[in-house]
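Visitor: First the structure, then my questions, so here it is.
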Amino acid sequence: MKSDQVKAGIERAPHRSLFKAMGYTPEELNRPLVGIANSYNTIIPGHTHLDKIVDAVKAGIYMAGGTPVEFGVIGVCDGLAMNHVGMKYSLASRELIADSIEVMALSHAFDALVLVPNCDKIIPGMLMAAARLDLPAIVISGGPMLAGIHPETGEKISLVTVFESVGAVRGNTLTEAQLDAVEDAACPTCGSCAGMFTANSMNCLTEAVGLALPGNGTIPAVMAARIRLAKASGMRIVGLIEEGIRPRDILTEKAFHNALAVDMALGCSTNTVLHLTAIAHEAGIPMDLDRINTVSETAPHLCSMSPAGKHHLEDLDRAGGIPGVMKRLSEAGVLFPDTLTVTGKSVSENLTSARVLDADVIRPLNQPYHLKGGLAVLFGNLAPEGCVVKQSAVSETMQVHEGPARVFDSEEEATEAILNGKIREKDVVVIRYEGPVGGPGMREMLTPTSAIAGMKLDARVALLTDGRFSGATRGAAVGHISPEAMQGGPIALVEEGDPIRIDIPGKRVDLQVPEEVLQQRRSRWKAPALKIDKGYLARYAKMVSSAAAGAIVKSPARKEGAIL
């Protein structure tokens, strides 16, 4: 066992003494040591109950003959970090999470890892660590919260309703008292926010790619089934050690294809493009943006999930969950059924008992919500390296749109203009210098997109940015424009009033300005100073790649003759 490095032999007597200082017995030290990366805290609603999930994981590990060893992992609540400097740290925290798990796992010679995330960047950060370390690993998330109930209409709602209600108040279609009532009702339980936002997207895709047991993506946080799944995950990690199954045995090119197909069927967050690309990089699997469109052409959009539709994660779970979605996709022939999963079985074996119990939540193949998948990657002279849009959340009237650019050099400037009624029908709001380097940290633009939706402009106004979007965003919101403005990308050259054409079916986004004019502008352009020039974000800005490459932190080039 790898853990023998810290517990076996005469030379490890001091190490054993330290274990015994914590109460470990010789019997426990003779078993595999399973590290549990626990992101429990009391600042993220999706993480406040992870202590109970981890207790269940520990019970499962003990039942199967292993010894659990828990350690802490940081986490950022994207909702609380939204629309201020805190959001600059959200994506950047993904790298810290991956690095910290690497440090803990290798410093203490764990035999395996159970990864316990629930929200946003914590999930991909843990998956990146699993792929990098290639120790036997399994993910068990905390599960989604239940949807709230609108105090007036009785419809299901979630956090996005609150963001959009702010815009409605500014648009004089909702009172502040009504906003207060929505605020009280929107988030009724612990768990990751109830729609197909980034957290739930990534938890579902973790199941689809094969690193979590069936049910991980959809069983609600408050259900006893979630505790049972945590115990099963704890037991299963010991089996993975015994069987010698490692993450890179699972994270194959075919597995990433399956995850993308499920992504398209669900209409997941655009952030999944960043995260799957980064995880694939750690696993040594090539992935470029063209592959997104290739899969989108063949995998239909089968689930209309909030924010684009009426259904929430509890509905998807009741309808058959990710196994039900994968059953449909398997029938369409768009999955690789022979891929291995943490169950020790193939996808096709896992789907033997899968059922679809609600054909509205998970549509049949001959009645999809859309023939093509939920995401699309656009290219053009405004985004030579690509950009991403959740096409399933864009109205038919905005699939092709042309309008004048309204240019802002920060999220705050754009939000102020939107809320003060300065944006008009047909405008194309351009928010730049918000990319991985320019932000730094590539903030989510949920506040401006929610303001547009709340003011009933989402079917008449488009928004382009080199930043990114929350999974709660809907409308013609095109993000991840690469190269970003800070790196001299064409988005840096856009001027107020320039005509921009967005053609989602044609996979194009173009600045309709003559090339010679753009060349003149380029000759005058100078990169602005970094917005943050000290601390972690300053280091991050110097090392981060473009969004097209997953916004990964690049390893410094090794000099000739350097000692590793």
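Visitor: Residues of segment 516-533 being assigned to a helix (DSSP H, G or I) and in contact with an Asp or Glu (Cβ under 9 Å, 6 or more places away or on another chain), which ones?
Guide: Of everything in segment 516-533, just one residue is assigned to a helix (DSSP H, G or I) and in contact with an Asp or Glu (Cβ under 9 Å, 6 or more places away or on another chain), namely 521.
Visitor: Can you name every residue in segment 258-288 that is buried (at least 24 other Cβ atoms within 10 Å of the Cβ) and farther than 16 Å from residue 206 by Cβ?
Guide: Answer for segment 258-288, where residues must be buried (at least 24 other Cβ atoms within 10 Å of the Cβ) and farther than 16 Å from residue 206 by Cβ: 264, 267, 270.
Visitor: Could you please let me know if residue 250 is over 30 Å from residue 162 (Cα atoms) and either polar (S, T, N, Q) or surrounded by 24 or more Cβ atoms within 10 Å (Cβ to Cβ) (or both)?
Guide: No: the conditions fail for residue 250.
Visitor: Scanning segment 340-356 for residues that are in a helix (DSSP H, G or I) and hydroxyl-bearing (Ser, Thr, Tyr), which turns out surrounded by the most Cβ atoms within 10 Å (Cβ to Cβ)?
Guide: 348
Visitor: Sticking with this one: Hey, does segment 428-441 have a residue that's more than 28 Å from residue 540 (Cα to Cα) and at pLDDT below 95?
Guide: Checking segment 428-441: not a single residue is more than 28 Å from residue 540 (Cα to Cα) and at pLDDT below 95.
Visitor: Would it be correct to say that residue 379 is modelled with pLDDT of 95 or more, at negative phi and aromatic (Phe, Trp, Tyr)?
Guide: yes
Visitor: Moving on to the next point. Can you find, within segment 248-273, the residue that is nearest to residue 479 (Cα to Cα) among those that are under 12 Å from the mean Cα position of the chain (by Cα) and β-branched (Val, Ile, Thr)?
Guide: The extreme case among them is 270.
Visitor: Pick from segment 146-173 the residues that are assigned to a loop (DSSP other than H, G, I, E, B) and within 20 Å of residue 474 (Cα to Cα): which of them is farthest from the chain's Cα centre (by Cα)?
Guide: 173
Visitor: State which residue pairs qualify: first residue under 15 Å from residue 469 (Cα atoms) and inside segment 408-422, second residue of a type in the set (Phe, Trp, Tyr) in any location, beta carbons under 8 Å apart, and separation of 6 or more residues or different chains.
Guide: The qualifying pairs are 410/433; 414/408.
Visitor: Taking segment 451-472 as the region of interest, how many residues are more than 12 Å from residue 418 (Cβ to Cβ) and open to solvent by less than 10 Å² (accessible area, probe 1.4 Å)?
Guide: Within segment 451-472, residues that are more than 12 Å from residue 418 (Cβ to Cβ) and open to solvent by less than 10 Å² (accessible area, probe 1.4 Å) number 9.
Visitor: Here's another thing I want to ask about it. Among what's in segment 409-450 and is among the acidic types (Asp, Glu) and open to solvent by 20 Å² or more (accessible area, probe 1.4 Å), pick the residue that is farthest from the chain's Cα centre (by Cα).
Guide: Among those that are among the acidic types (Asp, Glu) and open to solvent by 20 Å² or more (accessible area, probe 1.4 Å), it is 425.
Visitor: Right, something else. What is the number of the single condition among (1) open to solvent by 40 Å² or more (accessible area, probe 1.4 Å); (2) free of Cβ contacts under 8 Å to residues at least 24 places away in the same chain that residue 369 does not meet?
Guide: Unmet for residue 369, out of (1) open to solvent by 40 Å² or more (accessible area, probe 1.4 Å); (2) free of Cβ contacts under 8 Å to residues at least 24 places away in the same chain: (2).
Visitor: Here is a further query. Give the residues of segment 115-138 that are buried (at least 24 other Cβ atoms within 10 Å of the Cβ) and within 18 Å of residue 32 (Cα to Cα), sorted by residue number.
Guide: The answer is 115, 130, 136, 137, 138.
Visitor: While we're looking at this one, here's another question. Is segment 487-502 home to any residue that is in contact with an Asp or Glu (Cβ under 7 Å, 6 or more places away or on another chain), surrounded by 10 or more Cβ atoms within 10 Å (Cβ to Cβ) and among the basic types (Lys, Arg)?
Guide: Checking segment 487-502: at least one residue is in contact with an Asp or Glu (Cβ under 7 Å, 6 or more places away or on another chain), surrounded by 10 or more Cβ atoms within 10 Å (Cβ to Cβ) and among the basic types (Lys, Arg).
Visitor: Right, here's the next one. Against the conditions (1) part of a loop (DSSP other than H, G, I, E, B); (2) open to solvent by 20 Å² or more (accessible area, probe 1.4 Å); (3) over 28 Å from residue 300 (Cα atoms); (4) not charged (D, E, K, R), where does residue 221 fall short? Just the number, please.
Guide: (2)
Visitor: With segment 1-112 as the region, which helices (runs of 4 or more DSSP H) entirely inside it contain at least 2 residues that are surrounded by fewer than 18 Cβ atoms within 10 Å (Cβ to Cβ), under 21 Å from the mean Cα position of the chain (by Cα) and modelled with pLDDT under 95?
Guide: none
The values are calculated or read from the model by the stated rules, or taken from the named source; none is laboratory data. Worth saying up front: this structure is predicted, and the values here are computed from it rather than measured. Neighbour counts run over all protein chains shown; Cβ positions are idealised from the backbone, glycine included. Accessible surface is based on the protein model in full, side chains and every heavy atom, while ligands, DNA and RNA are left aside. Shrake-Rupley method; radii C 1.70, N 1.55, O 1.52, S 1.80 Å.
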